[in-house]
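Enquirer: First, the structure itself, so that you have it in front of you.
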Amino acid sequence: MSIFVDENTKVLVQGLTGSQGRFHGLRNRDYGTQVVGGVTPGKGGTEVDGVPVFDSVEEAVAATGADASFVVVPPKGAPTAILEAARAGVSFIVCITEGIPAQDEALFYNILRRDHPGVRLLGPNCPGVISPGKCNIGITSGDIALPGGPVGIVSRSGTLTYQALHELSQQKVGQTTCVGIGGDPVPGTSFIDCLAAFEEDPDTRAVMMIGEIGGSAEEEAAQFIKDNMSKPVVCYVAGVTAPPGRKMGHAGAIISGSQGTAQAKMAALADAGATVALNPTEAGERMVEIVKSLD
Amino acid sequence: MDLYEYQGKQYFARYGIPTSAGGVADTVEQAVVQADAAGYPVVVKAQVKVGGRGKAGGIKLANDADEVRTHASAILGMDIHGHEVKRLWVEHASDIAREYYASFTLDRAAKLHLCMVSAKGGVEIEEVAATDPDAIARLHVDPVDGLSLEAAARLVEEAGLDPEARAPAAELIIALYRCYTEGDCDLAEINPLILTTDGRVHALDAKVTLDDNAAFRHREWDEFAGTDTFDERELLAKEKGLNYIGLSGSVGIIANGAGLAMSTLDVVTQAGGTAANFLDIGGGANADVMAAALEVINTDPAVRSIFVNIFGGITRCDEVANGIVEALGRVDLRSPIVLRLDGTNAEAGHEILASHLSDRLVVDETMLGAARRAVALAGGDK
């Protein structure tokens, strides 16, 4: 089993005709993902390496039966693209776009929450989701993932998502699903959404969670772990040595006072019963020990 | 982007938020001209992006031109917590009856906008939150619904603002909400928001943080750019579109993605070294960006080794490798590079680099191994 996506997921790529959309969309298809169509207004009727392109998501869904969408369009057009997918009946939307204004994110998040409660948005500004051997939507290099489980991964940072996959795959520990939720101010899918899904997934037996400084998402996740998780969780929070008061990279990584520091997050997670590692490699090693002890 | 007080007030003015009459001055004589125009008495305020200006002597009342000269010449050039004062804001002094607080920001946990209003303004709001949390009235605003005047009126009443301040304060909060949303602010804060002795409500200070991601739809932000003082290296990085923060150690760091860059700092520290910088080349970086990153780090005399930590997703390792080769050809790198390259097109990247490996460019397979080598090349812990 896996969470959110599997071998039956049919994916549209909004922005397939752009250079990033083409590269990553076709790479997802080559991985084995059912990439059934692309959407670019004005380019309907054409194709990209055998994948049919449609003018609208509505037309694409009618023709292909797609239930997921991969949004690879620039920040100006991404909010419209996400809402178009939701209105057309797509139930799972992955948006990798970096640089969407926070006001736009807050607006489309709340429109989805109100008008399309059955739709799950992953991102924006995230690497996507991969259920190894079944489905890869996003920009993750499929060859760093290992099918078969038993570990679920959820991460707020893009590149650390790959690092986490790599650490486990190197040790021959497979993954059920790896979800990159992204570090933007209003992520469509939260740590808690993923932890809850992994808790329910019978094939996932342990969860690796990668956080970073800033905000309070890790503290909220810690509370959820304490109250609801029966499966072991290994955590790493990036930015243990970050100098306070500096903004590092994106809005998720702001330290203000003692709140949002790696130390505060690590303490909350340890208190919740999670295993807390000091770097991604150590997190991988601790997970390997836990997986061995499960057998 | 954080705005200076004067920029924040100018931004407020665009949205009809009342402020005191005043102007900007870079010299003592300009300060006098602005004071004459604003009308005495005036307040002379240091423009720095750091708190505690008043206690540091950066805010002074002046009753006439001579007093403006005295205070302006004392404040210009003053060092306030490491920030040199280069500019003043001179405004008409208000007759303050009461000091309040108002702000808008995003509540990330609720995923809604949050308006906070308090009758206890003029002091650090964090302190009020800690000592007297009930003194802060909070209202979540769903961006789909927006904020109504009725809701704003209930909020200021709940916050305990004086009866005569409530109607103008509610209107000001509506204007502040427009400024925050249409103006693409991450934070729009007024502390203190004052009630004057003649019954007017206006912003005596302005703390505004703009969302850099929204710059594409705000031409008017151009005037705010270029007023920050960066050091030479940060300026060079900014020109190249790199996210660089200088630190004080000896291991230069280049990584793709903020999370991996922070994690790289973590492992360098854990390996006994010290990071010279934080440098995130971002997603999808190409050869030019990689070469520019190496050039920026090369200008830091404290750097003894450079740890390039790349895990390709949207970034392609062959592009990174080309950038390193290009930089080796065009820049005289003073420090050896330790490279760790994984992810998208990693194999192609390693092939490109194979003929360039030497004691100046070494490859390590793991992040921890590369960190240890970089720290050793930098001369161990300092």
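Enquirer: Can you report the number of residues in segment B:355-375 which are closer than 21 Å to A:Glu167 by Cα and outside any helix (DSSP H, G or I)? Let's see the steps before the verdict.
Expert: Narrowing segment B:355-375 to residues closer than 21 Å to A:Glu167 by Cα: B:363-374.
Subsequent filtering for residues that are outside any helix (DSSP H, G or I) retains B:363-366.
Total meeting the criteria: 4.
Enquirer: Considering only segment B:33-75, state which residues are farther than 14 Å from B:Glu91 by Cβ, outside any loop (DSSP other than H, G, I, E, B) and out of contact with any Gly (no Cβ under 8 Å at 6 or more places or on another chain).
Expert: B:Ala65, B:Asp66, B:Glu67, B:Arg69, B:Thr70, B:Ser73
Enquirer: Can I ask one more? Just to be sure before I move on: is B:Glu157 in contact with a Gly (Cβ under 7 Å, 6 or more places away or on another chain) and either farther than 22 Å from B:Asp2 by Cβ or part of a loop (DSSP other than H, G, I, E, B) (or both) in the structure I sent?
Expert: So B:Glu157 fails the test.
Enquirer: Determine whether B:Ala175 is of a type outside the set (S, T, N, Q) and either in contact with a His (Cβ under 9 Å, 6 or more places away or on another chain) or assigned to a helix (DSSP H, G or I) (or both).
Expert: yes
Enquirer: Let me ask you something else. Of these, A:Ala78, A:Ala85, A:Ala68, which one is of a type in the set (Gly, Ala, Ser), buried (at least 22 other Cβ atoms within 10 Å of the Cβ) and within 14 Å of chain B (Cβ to nearest Cβ)?
Expert: A:Ala78
Enquirer: Which residues, taken from segment A:69-110, are among the polar types (S, T, N, Q) and farther than 19 Å from A:Gly138 by Cβ?
Expert: Going through segment A:69-110, the residues among the polar types (S, T, N, Q) turn out to be A:69, A:80, A:91, A:97, A:103, A:110.
Of everything in segment A:69-110, those that are among the polar types (S, T, N, Q) and farther than 19 Å from A:Gly138 by Cβ turn out to be A:Thr80, A:Gln103, A:Asn110.
Enquirer: While we're here: Go through segment B:233-277 and give me each residue that's part of a strand (DSSP E or B) and under 23 Å from B:Ala321 (Cβ atoms).
Expert: The initial filter retains those residues of segment B:233-277 that are part of a strand (DSSP E or B), namely B:243-246, B:251-255, B:275, B:277.
Residues satisfying the conditions are B:Asn243, B:Tyr244, B:Val251, B:Gly252, B:Ile253, B:Ile254, B:Ala255, B:Asn277.
Enquirer: Would you please name the residue that is nearest to the chain's Cα centre (by Cα), looking only at residues in segment A:125-145 that are more than 10 Å from chain B (Cβ to nearest Cβ) and assigned to a loop (DSSP other than H, G, I, E, B)?
Expert: For segment A:125-145, the residue satisfying everything is A:Cys126.
Enquirer: Only one of A:Ala85, A:Ala62, A:Ala102, A:Ala145 is out of contact with any Gly (no Cβ under 7 Å at 6 or more places or on another chain) and under 30 Å from A:Gln170 (Cα atoms). Can you tell me which? Can you show your working first?
Expert: Numbers: A:Ala85 fails: under 30 Å from A:Gln170 (Cα atoms); A:Ala62 fails: under 30 Å from A:Gln170 (Cα atoms); A:Ala102 fails: under 30 Å from A:Gln170 (Cα atoms).
Within the list A:Ala85, A:Ala62, A:Ala102, A:Ala145, the selection yields A:Ala145.
Enquirer: A follow-up question, please. What number goes with the only condition from (1) assigned to a loop (DSSP other than H, G, I, E, B); (2) within 11 Å of another protein chain (Cβ to nearest Cβ); (3) at pLDDT 95 or above; (4) surrounded by fewer than 24 Cβ atoms within 10 Å (Cβ to Cβ) that A:Asn110 does not pass?
Expert: A:Asn110 satisfies every listed condition except (1).
Enquirer: Looking at segment B:279-297, can you tell me whether even one residue there is part of a strand (DSSP E or B), within 14 Å of another protein chain (Cβ to nearest Cβ), touching a Leu at 6+ places or on another chain (Cβ under 7 Å) and not hydroxyl-bearing (Ser, Thr, Tyr)?
Expert: Taking every residue of segment B:279-297 in turn, at least one turns out to be part of a strand (DSSP E or B), within 14 Å of another protein chain (Cβ to nearest Cβ), touching a Leu at 6+ places or on another chain (Cβ under 7 Å) and not hydroxyl-bearing (Ser, Thr, Tyr).
Enquirer: Further, regarding this structure: I'm checking my understanding of the structure. Among residues of segment B:113-148 that are buried (at least 21 other Cβ atoms within 10 Å of the Cβ) and in a strand (DSSP E or B), which one is nearest to the other protein chains (Cβ to nearest Cβ)?
Expert: My answer is B:His113.
Enquirer: Kindly indicate whether B:Gly349 is within 14 Å of chain A (Cβ to nearest Cβ), assigned to a loop (DSSP other than H, G, I, E, B) and either under 29 Å from A:Pro74 (Cβ atoms) or in contact with a helix residue (DSSP H, G or I) (Cβ under 9 Å, 6 or more places away or on another chain) (or both). Show your work before the answer.
Expert: Working: within 14 Å of chain A (Cβ to nearest Cβ): yes; assigned to a loop (DSSP other than H, G, I, E, B): no; either under 29 Å from A:Pro74 (Cβ atoms) or in contact with a helix residue (DSSP H, G or I) (Cβ under 9 Å, 6 or more places away or on another chain) (or both): yes.
In short, no.
Enquirer: So in segment B:252-272, with the set limited to residues that are more than 7 Å from every other protein chain (Cβ to nearest Cβ) and under 15 Å from A:Leu278 (Cβ atoms), which one is surrounded by the most Cβ atoms within 10 Å (Cβ to Cβ)?
Expert: This residue is B:Thr264.
Enquirer: Okay, next question. Could you tell me whether B:Ile245 is facing chain A (nearest Cβ under 9 Å) and surrounded by fewer than 24 Cβ atoms within 10 Å (Cβ to Cβ)?
Expert: The answer is yes for B:Ile245.
Enquirer: Against the condition among the charged types (D, E, K, R) and assigned by TED's automatic domain parsing to the domain that holds B:Leu193, how does B:Glu84 come out, does it pass?
Expert: no
The values are calculated or read from the model by the stated rules, or taken from the named source; none is laboratory data. Model, not experiment: these values are computed from the prediction. FYI the Cβ positions are ideal-geometry reconstructions off the backbone, even for glycines, and counts take in every protein chain you see.
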